[in-house]
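Beneath this line is the structure, given in structure tokens, with notes to follow.
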Number of protein chains: 2
Amino acid sequence: MIGDKKETLLPTGACATRAVILAGGQGSRFWPISRHKRPKQFFSISDSGESLIKATAARLEPLVGAENIVVVTNIVHRPLVEEHVPEARILCEPFGRNTAASIGLAALFLRRENPHTVMITLPADHAVSDASVLCKTLDRAATLAKDGDKLVTIGIEPTSPNTGYGYIRCGKELGDRAFMVSRFYEKPSFDRAQQYVASGEYLWNSGMFAWRVDAILKAIADHMPALMDALTKIDATIGTKKEQPTIGEVFEKLESISIDFGVLEHAKNCAVVRAEPFGWSDVGSWDQWAQHFKPDQDGNLTRGDAIVVDSKGCVVHSEHRLIAVVGAENLIVIDSGDAVLVCPRENVQEVRRIVDELKRRGRTDLT
Amino acid sequence: MIGDKKETLLPTGACATRAVILAGGQGSRFWPISRHKRPKQFFSISDSGESLIKATAARLEPLVGAENIVVVTNIVHRPLVEEHVPEARILCEPFGRNTAASIGLAALFLRRENPHTVMITLPADHAVSDASVLCKTLDRAATLAKDGDKLVTIGIEPTSPNTGYGYIRCGKELGDRAFMVSRFYEKPSFDRAQQYVASGEYLWNSGMFAWRVDAILKAIADHMPALMDALTKIDATIGTKKEQPTIGEVFEKLESISIDFGVLEHAKNCAVVRAEPFGWSDVGSWDQWAQHFKPDQDGNLTRGDAIVVDSKGCVVHSEHRLIAVVGAENLIVIDSGDAVLVCPRENVQEVRRIVDELKRRGRTDLT
């Protein structure tokens, strides 16, 4: 198994592969545990206590080598990244400006080493249960990307009409589980998601990609010229005293746009690798988090000091006091010590609205 | 207004009236705020901060005089009663054995003064918004009771098919808003409660009574001979060194039975006074507690540090940390500092099951 061998599968050198871990998220759907000072990627979803970012880096090590892992993060989280992934190179953003900016910045730095480098890009905060199948899939994507003519996405076979994911419609088959992308779809309605899943032609957009550095920068230049201008300004100062101030000035003015929305949905050269199942979850909500643990016979999951009476499907996590739930169904209750969240499972996507409301009230102690 | 005059309405002497406040409850439906060390009757439901027991005593003062108020309480709560109702005479029970035992004990002591004393009996933990109407009703009941041939209950005109109350069916009319009791009914199903309310013949059983001391003791002797035996044993020791030990021995063995179930449902001489509305509530649950405050336009009530987003009909009380509710309907969330309760409003009667479960787990720190 790849995960045991800890060796690099892809050749380094002329067509080296680098893994870029995007760790700039705020994890506001995981309030009250996730806070701006310590967002979701730095906490664990397993009983091992290993953080999501550490687990992500560990999975990539056998594929690219620890020295070829780059983490893009907010400057305030640099110490946390150093603690959790001490071997990685770290690129810091002064402001979070979504994935297009993070990916552009990483590509800029990697281009100086080699514009033909294949850059595997993936979020820091996903869960994967079979690392070797993931690596096989990423390897396949990197191989498809290395000629530089394709932007390759990783598609996941949908197991439910999940409305929390974007969908990718497969087009022309390229062989070896790869297809050209016919079209990207943003998070759909439930009805539409059902149609997508029933058709068999759609995959979940995992947010994992592989492309050559020159290919993604060309696509950014084509579809997000303002971002390209900003990156060019930064490029001129790299290695000088002006580098950090320039990144600061430039990022502040950038729009917050995802790579999917800003580039991939417009590009004509996107491909998708249909992943063999590797037990993927974007751990996008407390509900998905709960699915990583085994509930009791009534479907309740309790962690910490919790009592659930005459209830079904409830998730209760308590860090500092007793939480008692009685006569309830499908509720999520999360205690972080200084705050308690109560939310029906079906509305977990709305948790970030609490963070918005706290900001509006100036309660930055709790965001 | 009676409440302003602070004078005694009923004559003292041969047919004196005494008010007996039953303050032995545990208030377990008000967990986590109500605890065995400080149950519900000692906390406030109003912004004034006046406890329920103090408010109860204050309402009775103009009717019987402060010196004629007797409080029956658990011995562990004696200091709390002394603090909240310093003028009252206090009778202590070593164990809580429900209202039949408490009333029997109070009647025993009052009989030594005068067996013809009319004893108004009422719980310590009810809410009343119009004290003068209450007093008028109690006065009417006391007058009806003073011949000693009737056990008089106070009935409340039902305003909804509440399943949390017992019901009284009115029989033969006695005049001046009084009737003989046709029958007592325990807490009914919702369907049955609807029928009761629709018929117009039923009243809520308020748990407030008036009877002569000799009449209630005769009824106890008739319908609860074991309790009468126990009371007789105590009576023989009153004023001696053996009084407290005897009460202890005797109470430990008593069954826990309400006066309604043990006596009134069997007695043939029960009457009921149909009260003019005095804004009564038995404050029997968190849901009823919430009805004493004005909710916002979405029907949410927040007290303390609470945020409610995209929710309706929720009640959130926080004493020591932020509680945030999102996307929920009709939930009750109560934080006491060391514990948090989460319960749908419709299931508030089940809160006591948490206390049972905590006892089962030996978590007496939290009961």
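The values are calculated or read from the model by the stated rules, or taken from the named source; none is laboratory data. If you're wondering where the values come from, they're calculated on a predicted model, not measured in any experiment. Positions of Cβ are backbone-derived with ideal geometry, glycine not excepted, and every protein chain shown enters the neighbour counts.
Which members of the range A:1-14 meet the condition of being crowded, with 17+ Cβ neighbours inside 10 Å and either modelled with pLDDT of 50 or more or not in a loop (DSSP other than H, G, I, E, B) (or both)?
Selection gives A:ILE2 alone.
Mind checking which residues of the range A:48-95 are free of Cβ contacts under 8 Å to residues at least 40 places away in the same chain, over 27 Å from A:GLY248 (Cα atoms) and part of a loop (DSSP other than H, G, I, E, B)?
Scanning the range A:48-95 gives A:SER48, A:GLY49, A:GLU50.
Among the residues in the range A:35-43, are any of a type in the set (S, T, N, Q), touching a residue at least 40 places away in the same chain (Cβ under 8 Å) and part of a helix (DSSP H, G or I)?
yes
Residue by residue through the range A:243-282, note down the ones that are more than 16 Å from A:PHE209 (Cα to Cα) and either touching a Gly at 6+ places or on another chain (Cβ under 8 Å) or of a type outside the set (A, V, I, L, M, F, W, C) (or both).
A:GLU243, A:GLN244, A:PRO245, A:THR246, A:GLY248, A:GLU249, A:GLU252, A:LYS253, A:GLU255, A:SER256, A:PRO277, A:GLY279
Yes/no per residue for (1) modelled with pLDDT of 95 or more; (2) more than 17 Å from the chain's Cα centre (by Cα):
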residue: A:LYS40; (1), (2): no, no
residue: A:ASP47; (1), (2): no, yes
residue: A:VAL76; (1), (2): no, yes
residue: A:ILE90; (1), (2): yes, no
residue: A:GLY96; (1), (2): no, no
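Report the residue count in the range B:16-33 for those that are part of a loop (DSSP other than H, G, I, E, B), over 14 Å from the mean Cα position of the chain (by Cα) and not small (Gly, Ala, Ser).
3
Take B:ALA142 and tell me if it is modelled with pLDDT of 95 or more, small (Gly, Ala, Ser) and under 19 Å from B:ALA271 (Cβ atoms).
yes
Pick out the one residue from A:GLY239, A:GLY248 that is loosely packed, with under 15 Cβ neighbours inside 10 Å and touching a residue at least 60 places away in the same chain (Cβ under 8 Å).
Exactly one of A:GLY239, A:GLY248 is loosely packed, with under 15 Cβ neighbours inside 10 Å and touching a residue at least 60 places away in the same chain (Cβ under 8 Å), namely A:GLY248.
In the range B:293-311, how many residues are in a strand (DSSP E or B) and either under 27 Å from the mean Cα position of the chain (by Cα) or surrounded by 15 or more Cβ atoms within 10 Å (Cβ to Cβ) (or both)?
Residues meeting the conditions: 8.
Mind telling me which of the residues B:VAL272, B:VAL263 ends up being surrounded by 17 or more Cβ atoms within 10 Å (Cβ to Cβ) and in contact with a Cys (Cβ under 7 Å, 6 or more places away or on another chain)?
Sole residue among the options that is surrounded by 17 or more Cβ atoms within 10 Å (Cβ to Cβ) and in contact with a Cys (Cβ under 7 Å, 6 or more places away or on another chain): B:VAL272.
Among the residues of the range A:251-281, what is the count of those that are of a type in the set (D, E, K, R) and more than 21 Å from A:VAL181 (Cα to Cα)?
3
Within the range A:283-292, can one find any residue that is part of a strand (DSSP E or B), without any contact (Cβ under 8 Å) to a residue 60 or more places away in the chain and away from chain B (no Cβ under 14 Å)?
The answer is no, given that none of the residues of the range A:283-292 is part of a strand (DSSP E or B), without any contact (Cβ under 8 Å) to a residue 60 or more places away in the chain and away from chain B (no Cβ under 14 Å).
Identify, by number, the condition in (1) more than 20 Å from the chain's Cα centre (by Cα); (2) aliphatic (A, V, I, L, M); (3) surrounded by fewer than 19 Cβ atoms within 10 Å (Cβ to Cβ) that A:ALA127 doesn't meet.
Status for A:ALA127: all satisfied but (1).
Looking only at strands (runs of 3 or more DSSP E) that lie completely in the range B:315-365, which have at least 2 residues being more than 7 Å from every other protein chain (Cβ to nearest Cβ), buried (at least 19 other Cβ atoms within 10 Å of the Cβ) and without any contact (Cβ under 8 Å) to a residue 24 or more places away in the chain?
B:315-326
Per-residue answers, yes or no, for (1) among the hydroxyl-bearing types (Ser, Thr, Tyr); (2) under 19 Å from the mean Cα position of the chain (by Cα); (3) assigned to a helix (DSSP H, G or I); (4) over 22 Å from B:ALA107 (Cβ atoms):
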site: B:VAL133; (1), (2), (3), (4): no, yes, yes, yes
site: B:ASP139; (1), (2), (3), (4): no, yes, yes, no
site: B:THR153; (1), (2), (3), (4): yes, yes, no, no
site: B:TYR165; (1), (2), (3), (4): yes, yes, no, yes
site: B:ILE168; (1), (2), (3), (4): no, yes, no, no
site: B:SER182; (1), (2), (3), (4): yes, no, no, yes
site: B:VAL197; (1), (2), (3), (4): no, no, yes, yes
site: B:ASN205; (1), (2), (3), (4): no, yes, no, no
